[in-house]
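As structure tokens, the structure follows; a few thoughts come after it.
A short reminder: the numbers here are calculations on the coordinates, not readings from a lab. Given the structure is predicted, the values throughout are model-derived calculations rather than measurements. When we count neighbours, we look across all protein chains shown, and the Cβ atoms used for this are built from the backbone with ideal geometry, even at glycine.
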Amino acid sequence: MIAYLERFVPENDTDPIQQEDASDSRHDTRSPTLPDSLGIHGSSVESGPAAAAFASRDFGGMVSVRPLALIRPTGPEDIARTVRAASISAYLTVAARGNGHSINGQAMAHMGLVIDMRCLDPGFFELAPGGPSVPPSVVVSGGALWEDVLSRCLEHGLSPRSFTDYLGLTVGGTLSNAGVSGQAFRYGPQTSNVTELEVVTGKGTVSLCSEDENSELFLGALGGLGQFGIITKAKILLQPAPDMVRWIRLVYTEFAEFTRDAEWLITHPDGHSFSYVEGFVFVNSDDPANGWPTVPLRPDQAFEPARLLPTAGSVLYCLELALNYGSGDLPSTVNSVVERMIGGLGFVEGLEFHADVDYSEFLLRVKRVEQHAKATGIWEAPHPWLNLFVSKSSIVDFDRTVFKGILREGIGGPMLVYPMLRSRWDSRTSVVLPDSGDIFYIVALLRFSQPYPECAPVERQIAQNNEIIHVCNKNGLDYKFYLPHYKSQEDWKRHFGDKWTKFVERKSRFDPMAILAPGQKIFSRSS
Ligand code: FAD
């Protein structure tokens with residue numbers, strides 16, 4: 001069997017990830033005997049060009065790595081068998097592919113086995129209603145999309161507590177990173193809102209884990225970049241779902257006032273603040289992709305630049321807030337709660353926008369962006385995104401050098417910047433945060449532009465990202481990559497800092513042959 005598999009594996013596999021041409025058909029091997037050789041009978045195993053093209057592509061659109069085969073599992077046992085089959089070979093690796101929304105090939109496996117997690121028990125939904133002192137929760141498949149989890153929960157009047165901005169991502173994919181949005185200041189990232197996991201380890205065993213049982217596997221897998229196991233099920237904390245959301249945008253000219261207000265809002269006691277706090281930077285111009293037109297929430301609202309002081313700079317800031325409420329709440333009650341909370345804030349008078357929308361419409365807001373971007377070809381273009389966590393102590397410097405300097409003309413997409421609280425994150429998980437202080441900011445540079453030659457070539461956008469990192473390093477800013485991407489173990493070691501030793505220990509315990517998630521390029525496969 002293994003001799004059969006190794007027929008497809010290149011002899012020199014020491015640098016397993018390479019740029020490859022997805023149309024290269026030299027390795028096309030549609031073979032009816034591949035499933036038999038893997039010992040996987042319930043699921044489909046595909047090695048033809050369509051499967052290879054699917055598994056060698058991601059949202060970033062900059063890396064293409066050809067797999068040996070794509071596995072569509074019917075249950076966790078198929079995944080466990082796949083990992084065990086790979087472990088007998090000297091070279092094979094296994095990558096779980098969530099919805100392929102990584103940027104740098106993290107869910108790919110060069111001549112390895114890619115598991116399409118979307119096929120795994122997509123409808124699995126086991127609700128636990130909760131009790132007086134126990135919050136409700138639901139067990140879902142690791143391959144489920146958050147948008148599907150949300151819609152099933154809403155049928156029961158319930159909702160997850162912590163989200164990502166975009167819900168076309170898988171549960172296992174975001175839990176392997178962190179999963180953040182404007183709710184994280186209150187509930188922490190998605191990794192802080194899961195109480196139990198079912199995981200297939202790199203040894204090919206199916207294990208249940210939680211804080212009390214197999215806690216090292218549980219904590220390691222959360223934010224673990226897929227290094228310790230493939231998450232096949234997750235138990236997610238829920239809360240009663242609100243009906244409506246008051247969605248608000250407030251414009252600032254001064255970064256100091258923007259950060260002061262954002263930090264004040266996220267440190268307010270629960271129940272006395274908004275349900276969601278985010279923010280973004282935009283260009284002080286009428287540029288439709290980067291400037292004033294990106295701020296209003298409804299077509300009948302207009303941004304009036306005359307409201308800005310003449311001293312306003314090249315970039316402006318927008319605080320984005322949301323207040324959840326019930327359909328039985330009177331508009332006057334909602335108005336007075338909002339007024340009380342924003343009354344003392346320092347935004348520009350008259351540059352305040354709001355809209356009342358359905359709870360699910362609010363949570364699915366980026367789906368409309370997706371539909372538009374798909375219609376215009378922007379969704380399929382390369383996305384050299386950069387995501388950073390920057391400590392409060394460095395964010396003013398970051399604003400001065402990056403937002404007001406390098407990015408003063410925008411990036412052709414959102415430039416998010418909003419604060420979160422370290423105390424809402426569990427330091428025992430694998431997630432890495434900046435070194436200092438309780439408050440830190442996420443900076444997300446979400447480049448959406450037409451492919452070259454209509455817009456800057458992707459190389460220029462990558463060079464700009466590199467320049468930003470260079471400036472951060474030169475100025476000694478306290479930051480970490482979110483959704484990190486490195487090529488050498490030295491860089492990974494630096495990234496993890498004092499968490500590296502623990503990370504390596506967990507790897508040798510749960511995936512000693514480094515079979516899993518080779519696209520992260522942290523460890524090399526050993527036999
Ligand atoms: P993939 O990209 O397929 O996989 C990511 C990594 O996790 C890979 O290494 C893969 O091997 C591994 N993996 C996948 N599934 C599993 C599993 N079940 N078990 C173990 N390992 C697994 N992130 C945020 O935090 N907040 C946001 O608001 C946000 N918005 C986004 C909007 C868009 C349009 C996009 C494209 C991405 C956004 N992200 C956001 C980033 C997102 O969290 C990552 O892309 C993440 O990787 C999830 O995507 P995925 O489910 O497609 O996983």
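Results, tabulated for the structure shown:
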| item | result |
| --- | --- |
| Convex hull of Cα atoms in the stretch 279-337, direction-averaged projection (nm²) | 5.6 nm² |
| Modelled FRET efficiency - R0 25 Å, ARG307 with ASP438, Cβ distances, 0.05 increments | 0.15 |
| Unit charges at the beta carbon, dipole of the stretch 349-424: most positive-side option, ALA373, PHE403, PRO414 | PHE403 |
| Among 133-140, 200-207, the order from most to least packed when residues are scored by Cβ within 10 Å on average | 200-207, 133-140 |
| For the stretch 332-488, alpha-carbon Rg and Dmax in angstrom | 18.4, 57 |
| Net length gained if the chain between SER336 and ASP491 were fully extended (0.36 nm per residue, minus Cα distance) | 50.7 nm |
| Tail weight of P(r) past 17 Å, computed on alpha-carbon pairs of the stretch 125-240, percent | 50 percent |
| Expected 222 nm ellipticity per residue - DSSP helices of 4 or more, -39500 (n - 2.57), all of the chain, to 500 | -7500 deg cm²/dmol |
| Pairs from LYS235/LYS502; LYS233/LYS521; LYS392/LYS507; LYS235/LYS392 whose Cα-Cα separation, in the structure shown, is over 30 Å | LYS392/LYS507; LYS235/LYS392 |
| Coil-residue GluC sites (Glu not before Pro) of the stretch 305-381, DSSP, other Cβ within 10 Å capped at 15 | GLU349, GLU380 |
| Full-stretch length increase - THR74, ARG460 - with 0.36 nm per residue and alpha-carbon distance subtracted | 134.7 nm |
| Distant-in-sequence amide H partners of ASN99 (H built 1.01 Å from N, under 5 Å) | THR170 |
| Between the stretch 124-154 and the stretch 504-527, the alpha-carbon center distance in angstrom | 31 Å |
| Estimated dipole of the chain in Debye, rounded to 20 [Cβ of Lys and Arg +1, of Asp and Glu -1, Cα centre] | 920 debye |
| Per-selection Kirkwood Rh - the stretch 395-527 (Cα, Å, 1 d.p.) | 17.1 Å |
| Trypsin sites (Lys or Arg not before Pro) within the stretch 374-456: DSSP coil, no more than 11 neighbouring Cβ in 10 Å | none |
| P(r) of the chain over all Cα-Cα pairs, binned every 20 Å from zero, in whole percent | 22, 55, 21, 1 |
| By average C-beta atoms within 10 angstrom, highest first, the peptides 470-481, 183-194 | 183-194, 470-481 |
